[in-house]
Each structure stands twice: as structure tokens, then as C-alpha cells.
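Taking it in order: structure first as C-alpha cells, then the write-up.
The values are calculated or read from the model by the stated rules, or taken from the named source; none is laboratory data. Because the structure is a prediction, the values reported are computed rather than measured. Methodologically, a virtual Cβ is constructed for each residue, glycine included, from the backbone with ideal geometry; neighbour enumeration extends over all protein chains shown. When the accessible area is computed, the model is the full protein with side chains, heavy atoms only, and any ligands, DNA or RNA have been set aside. Shrake-Rupley method; radii C 1.70, N 1.55, O 1.52, S 1.80 Å.
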Amino acid sequence: MLDLLGFTEFQVDMSPEPEDGPIGWPGYGEAVRAAVSRSGSSESVRVGTAHIGGVDAVVIAFEFTFLGGSLGRRTGDRIEFAFQRARELGVPVVSLVATGGSRMQQGMRALTQLQRVAREVALTRAAGIPQVSVLLDPTTGGGWATLGAGADVVLAVPGAQVGFGGSRVRPADAPPEAYTAEAKLAWGQVDQLVLGADLPEVLGRWLRLLSSPGAAAEPPAALGSGELPSSGWEAVQAARSVTRPRAGAYLDAYFGWREEIRGDRAGGVDEGVLCGFGWRGRAIAYAAQCGTATTPAGFRTAARLIRLADRLGIPVLTLVDTPGAANDAAAERDGAGPAIASLFEAVAQARVPITSLVIGEGGSGGALAFAAPGSTWITPDAYFSVTSPEAAAAILKLDPAQAPTIASQLRLRPQDLVELGIARAVVSRRP
């Protein structure tokens, strides 16, 4: 793998250790010498630079054949040096992780390396430098809980064992499928599965996207009907039409290519929210609703995307299309209110420009959380409303048959929203 990345290794000065390590573990020195002979490396990680997809990066590569890729004190020395060099050079960090965890033969000296690594990850994040991890087989223990899970973008090879609990210490009745890259993808803790042969190309695309800040995104052109609705109910029906273009079509038309991030990093994935980075002559981040009720995981994933883009100086495009936030018991249990608040806060605090386009239903606060104040546009076949006409009838204790009349009273048509100052303009179709 390192040969494919054009890797050039750093020479890192490492202080000598006692023969049997810091806690005098019997036979440790002999085990280290055997690991050096077996792996060809003097420690469990190699660090250096690489040129990946036209982007210079610092690479941290684990050697699993060296004591199971375990983290010891001198492993921490090398990782700390690599992060410091990345900050000095202003280049991304790529971590190729294959580890069984902390080095038992060094006791607490080994475990405290996790604190060193966490500090370097935090300092590098504060410096606005992107971090990408690749989870190889296996990635367990502290290596997963620091370099692996702590990266901005997490890739994994299919079939890799991934989990905080290694195979020898997890509960005997634990299902093995829970400790796989596939499970972590399903639970929103991994962004993509990538075949080993494809890693150089995929890494290059990601590094290019995460290292290309630019100016504000222009709103996409309309893809659906170009006719403005004559009534509020007509606007609602147009937005609810099954033939109306959805977010995927808008993203495909807008970007030359794109890569997705997945999940809220807390076990949740909303398939009705697409988030990632796309290429349009430069990188633009996107968070797009796909016409379904947005779950707490969807709001948290969008907030994660906006905060990452903001830290890297990358502009954001949001596409608004939802009948509203999910409001069932499961959504309440999963924290609908805090999740929506988190996204409102991420948008409010963003220093990068956010451009929003309403492409379908704009249902209440669940839609508004995705919209940028003062920088929202709308398509002719969309609407934006404080609530749906049907919900308004229910709240006001009116006959449900009054919904079409209420739709016009809500002034939710595209042209109404422009007049009210909610939308800057109605976007037109490309000629």
C-alpha cells in the first residue's frame, strides 16, 4: 500500500528504552527484537509523507506484524512527530490503522499514549487540517477510539474487524458481526467501504475535496416545472408530486463528482439525508433532504457536515425538501429537539457561506433548520410553510376539507416567499 502512495519515511529520533520496557516485563526486549526482524520496522507505526491524488499528505501507517500494531511509548513518539509535521507543512493527515490496541507489556505507559494521540488530533483539527483514517484488519482498542474514529472522514476495507473490544476480550456471547466494518457503516460510524485496490484513488479524491476551500456556492438551476403556481394548494401539490426531481438528481446535475459521508457518529443513519463533498471546479460541501421526514440522525449528520466544512473553509450547499421533522416516539427518544437545535446552531455559527435551495416541501422547523438565513432560494415547484395546510387545519380545529383554502392563507408559494423576504429569488430552469 505504501509503495502505491509514493511514501517517503520520516527519520524520527526515539529515546532508548530499558531492555524489558518501562515496567520490566520479562522477555519484552526479546519480543521487540523478533518484531523488528519480522516486520522490517523499528516500531509499530511508520510515518512519512506521500503525494496522493495530487495532494501532499502526512501518512501514519501501522505495522501489524510488529507486536500486533500495538501502541507503545515510542509509537506515541512517532505519531506525535507526524502530526506536528502535518501542522508545520499545512497538509492533511492520512492514518492507515491496523492495531490490536495498547501494548500490554508497557502497562499504563502504553495506555497513556491514547491521551497523547488525542491531543495531537485535537490540535490538528483546531489548525483546520483535514484528517482521514483507513481502517484495515483489525482496527480495535485505542487505535480505533483515537486515530480511527477521531478522523474527519473514516474509510474501511470490507470485512475488517473494527471495534473497541478486541476478539479476545469482548463478551463471549457478543455477535461477531457487530465488530465489523460493515456494522460500523450501517451504524454511521464509518463513511465508506473501499476495496484495498481502490484506496489510492479514493484517498486522492477525498484529499482533493478536503483541501480545496473556495467561494460561496451558487444555487442550482431548477430541474422541474418552470411554471409558478397560481394558488397555495397548487404549490403544495406540485411539491408533493412523485414526478418532481429529488435531491439526488440535483446533486448529480450540479457536481462533476462527489463523495458521501455517512451517519451521525452516534449509531444513527438517516437514508433520507445525503451529506458529503462534491467537485464543481472546487470543493463544495452539501447536506440535502430527500423528501422524507428527517430523523434526529439526519439533523446530526448535517450538523457534522457543516461544522467540518466550516473548519476547513469549504462553502456549503443545502437542499431543503421534507414534509417536516420526524415526530414519532422513536424520534423523541433519539433526541429530535436537541438534534434540530444542533443543526440550527451549526448553521448560525458557520463562518463559511451557506447557500440553500428549497426544491420541494419546506415543512416547518425540520425544513428551516437546513436553510441559511438571507441566503435561501426556491424552485417553482416548491413551497415553504410554518406547517402543512393539513396540520394547520388540525391545530386550528378546522374541517380538514379547509386545507386547500388554508394553503393560500399561509402564503407559502415561491412568489409569496420572495415577497415576504424569506427567499431571495425563484430559480429558473437552464435554457
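Brief remarks follow.
- Pair list, Cβ < 8 Å and 6+ apart or interchain, from the stretch 383-406 residues that are touching a residue at least 12 places away in the same chain (Cβ under 8 Å) to residues that are surrounded by fewer than 20 Cβ atoms within 10 Å (Cβ to Cβ) and among the acidic types (D, E): A393/D399; A403/E390
- Candidate set from the stretch 189-240 (those that are part of a loop (DSSP other than H, G, I, E, B) and among the acidic types (D, E)); member that is surrounded by the fewest Cβ atoms within 10 Å (Cβ to Cβ): E227
- Failed criterion for A350 (all others in (1) farther than 21 Å from A283 by Cβ; (2) surrounded by fewer than 18 Cβ atoms within 10 Å (Cβ to Cβ) hold): (1)
- Filter result for the condition that a residue is in a helix (DSSP H, G or I), open to solvent by 20 Å² or more (accessible area, probe 1.4 Å) and among the small types (G, A, S), over A249, A266: A249
- Looking across the stretch 372-401, the residues that are surrounded by fewer than 24 Cβ atoms within 10 Å (Cβ to Cβ), assigned to a loop (DSSP other than H, G, I, E, B) and not hydroxyl-bearing (S, T, Y) come down to A372, P373, G374, P380, V386, L396, K397, L398, D399.
- Pairs, first open to solvent by 20 Å² or more (accessible area, probe 1.4 Å) in the stretch 54-78, second polar (S, T, N, Q) and assigned to a helix (DSSP H, G or I), C-beta under 6 Å, six or more apart: E63/S39; T65/S39
- Matching residues in the stretch 341-363 - criterion: being touching a strand residue (DSSP E or B) at 6+ places or on another chain (Cβ under 7 Å) and closer than 26 Å to P245 by Cβ: V347, I354, T355, S356, L357, V358, I359, G360, E361, G362, G363
Matching residues to (1) open to solvent by 10 Å² or more (accessible area, probe 1.4 Å); (2) among the β-branched types (V, I, T); (3) part of a strand (DSSP E or B); (4) at pLDDT below 95:
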| site | (1), (2), (3), (4) |
| --- | --- |
| G278 | no, no, yes, no |
| I284 | no, yes, yes, no |
| G291 | yes, no, no, no |
| A302 | no, no, no, no |
| D310 | yes, no, no, no |
| L319 | no, no, yes, no |
